[in-house]
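Before any comments, here is the structure.
The values are calculated or read from the model by the stated rules, or taken from the named source; none is laboratory data. All figures in this text were calculated on a predicted structure; none of them were measured in a lab. Heads up, the Cβs are rebuilt from the backbone with ideal geometry, glycines too, and the neighbour counts pull from every protein chain shown. For accessibility, only protein heavy atoms count, side chains too; no ligands or nucleic acids. Shrake-Rupley method; radii C 1.70, N 1.55, O 1.52, S 1.80 Å.
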Amino acid sequence: MAPAVLAANGLVSGYGRIRILDNVSVSLSAGEVVAVIGHNGMGKTTLLRTLAGLLKAKSGSVRLAGRDVTHHATAVRSRLGLGYVPQGRQIFPDLTVMENLMIGQAARAGASDIPGILERFKSLTALLGRPGRALSGGEQQLLALARCLVGRPRVVLLDEPSEGIQPSIVDQIAEHLHDLSTTQRLAILLVEQDLELVSRVAHRVHVMRKGRFVSEIAPRDLTNPAMVRELLWS
Amino acid sequence: MEYLIVTLIGVVFAIASLVLLALGLAIIYGMMGVINLAQGEFIMLGAYTVVLSSAHGLQLWVGMAMAPVVVGVVGLVVERCIIRFLYGRLLDTMLATWGLSLGLIAAVTLILGPSTEGVATPFGHVAIGGYAVSAYNLFVIAATGFLVALTWGVFNRTRFGLIARGAMQNADMVAALGIHPPTIYMMTFALGSALAGLAGAIMAPLTGVVPSLGLAFVAKVFITVTVGGAAIFSGTLGAGTLLGAIESAVSFISTPIYGQVAMLGCALVVLRFAPQGISGLWRRSG
Ligand SMILES: Nc1ncnc2c1ncn2[C@@H]1O[C@H](COP(=O)(O)OP(=O)(O)OP(=O)(O)O)[C@@H](O)[C@H]1O
Ligand SMILES: [Mg+2]
């Protein structure tokens, strides 16, 4: 088996005394797309925030490209190749599209990737001077992905990219994810409720319930609605 | 006509000195929501840097160049030792910096004595018609304009400024993009302190320099920043213009005491209708 780019073991975390994440382990190798599905409030975002270091793990460990980053700050994890595209996109509202992209690569040395990224996300080119808040949800989602990619991550945590977004842009996102994982060997941990999108891009799917992974299924199983309902609820 | 020009210069000077004194705190408050009640003492330390360097035979300009460095370093130490543990806790920072302010006044009094020091005002006067205007006042106006433009440039045209604006809007996201927000906060606090030091140095030739000098300024600075709200530049310039114009106009037709009362009254009215400060008004609509 290929060595894991990202490997979390026995993660426990929460807010204050409240424990949300309960002993979750997950691992991704290069080029792999792993999805996490589950209903609202089950702890999917909490998992990604803990992996990114924005929430402290109460126990468990996180390894990134073979390095133990459990006690590393968010910024350090990012510099080591961990990209994060959060739920709700979190574009900087008062920065322009171009400035949002520039911040994405501000922590990284070397030549700019912005021209290359704009080649990939052509629709952003016409919007470069606009403040982030003046973008549609779909445009913001593409920008959030682009902003993450200019930092040249090895692995991306992607939280509900289809949320509130029209189908044509969800299609675009699916194509980008497929292409990034196959041609760039990017590892992607995809939290998503749109099972159609998951079945198109994921290689493996974890089902999350009340802060735990309750089962792992193959993407093709998602086309069986009865089985999915059973997994998510019972 | 000349009278009008001279009066106008007086008003612009009042506005400029308010903006100059408030700029440092505006940055610290706008970026991190910290009300530094020791900001007045940072101004005082800047003024003393000029006094002491002059007393040692250095030129006034050398002292002015040293002041932001000295006070910037003081700010850096204060941030590392106190402020960084208190981000997001407005009242705690106010209490801590109030204590710091008292401590700095006491320390300076102990070391340098309570007597009033001063440096001569350079440049003399320029004649406008039959009136004499202090050329140094014109210098203060020009220096303020330059400093505002420079600071604006730092925030809008540099990598540091871009990151700082990003951190102000969403610190977690900045961290997720590989930049450690505490470092940005530290640099911003030092920058705001350095600006206070420079403001004190520039104002030193116009005031008697005493350990309690900061107390004379901190209320004005605090009011200007609160009325300005979170938008650093438009807020400070807007509030400085409004309050400076009212203060100098009322001072002019009555006495400076009434001028300050009018300024405070104006601030209360503004904050009654725009609790987020005047920049809250155009932020919301914009
Ligand atoms: N800041 C917080 N403080 C306290 N509790 C929180 C906080 N954020 C989330 N929670 C709680 O943690 C639980 C998991 O939330 P989380 O955001 O991880 O869910 P999710 O699976 O991402 O849901 P969704 O699909 O709605 O995004 C929920 O019960 C939520 O109420
Ligand atoms: Mg979520």
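Quick look at the numbers
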{"item": "Boolean, residue A:177 is away from chain B (no Cβ under 14 Å), assigned to a helix (DSSP H, G or I) and away from ligand 1 (no atom under 16 Å from the Cβ)", "result": "yes"}
{"item": "Among the residues listed as A:181, A:162, the single one being closer than 20 Å to residue A:83 by Cα, touching a residue at least 40 places away in the same chain (Cβ under 8 Å) and among the hydroxyl-bearing types (Ser, Thr, Tyr)", "result": "A:181"}
{"item": "Extreme residue, surrounded by the most Cβ atoms within 10 Å (Cβ to Cβ), among residues of segment A:142-174 that are away from chain B (no Cβ under 13 Å) and within 16 Å of ligand 2 (Cβ to nearest atom)", "result": "A:161"}
{"item": "Qualifying positions in segment B:156-168 - surrounded by fewer than 18 Cβ atoms within 10 Å (Cβ to Cβ) and either more than 23 Å from the chain's Cα centre (by Cα) or facing chain A (nearest Cβ under 8 Å) (or both)", "result": "B:159"}
{"item": "Flag for residue B:111 being over 30 Å from residue B:3 (Cβ atoms), out of contact with any Gly (no Cβ under 7 Å at 6 or more places or on another chain) and open to solvent by 30 Å² or more (accessible area, probe 1.4 Å)", "result": "yes"}
{"item": "Within segment B:175-184, tally of residues that are over 14 Å from residue B:32 (Cα atoms) and either open to solvent by less than 40 Å² (accessible area, probe 1.4 Å) or touching a Lys or Arg at 6+ places or on another chain (Cβ under 6 Å) (or both)", "result": "5"}
{"item": "Residues of segment A:213-229 satisfying the condition of being buried (at least 16 other Cβ atoms within 10 Å of the Cβ), more than 16 Å from ligand 2 (Cβ to nearest atom) and either within 14 Å of chain B (Cβ to nearest Cβ) or in contact (Cβ under 8 Å) with a residue 24 or more places away in the chain (or both)", "result": "A:219, A:222, A:228"}
{"item": "Matching option when the condition is of a type in the set (A, V, I, L, M, F, W, C), open to solvent by less than 30 Å² (accessible area, probe 1.4 Å), touching a residue at least 40 places away in the same chain (Cβ under 8 Å) and touching a helix residue (DSSP H, G or I) at 6+ places or on another chain (Cβ under 9 Å), among B:204, B:216, B:230", "result": "B:204"}
{"item": "Close pairs (7 angstrom Cβ cut-off, 6 or more residues apart or separate chains): farther than 17 Å from residue B:46 by Cβ and outside any helix (DSSP H, G or I) in segment B:103-125, of a type in the set (Gly, Ala, Ser) and open to solvent by 40 Å² or more (accessible area, probe 1.4 Å) anywhere", "result": "B:125/B:132"}
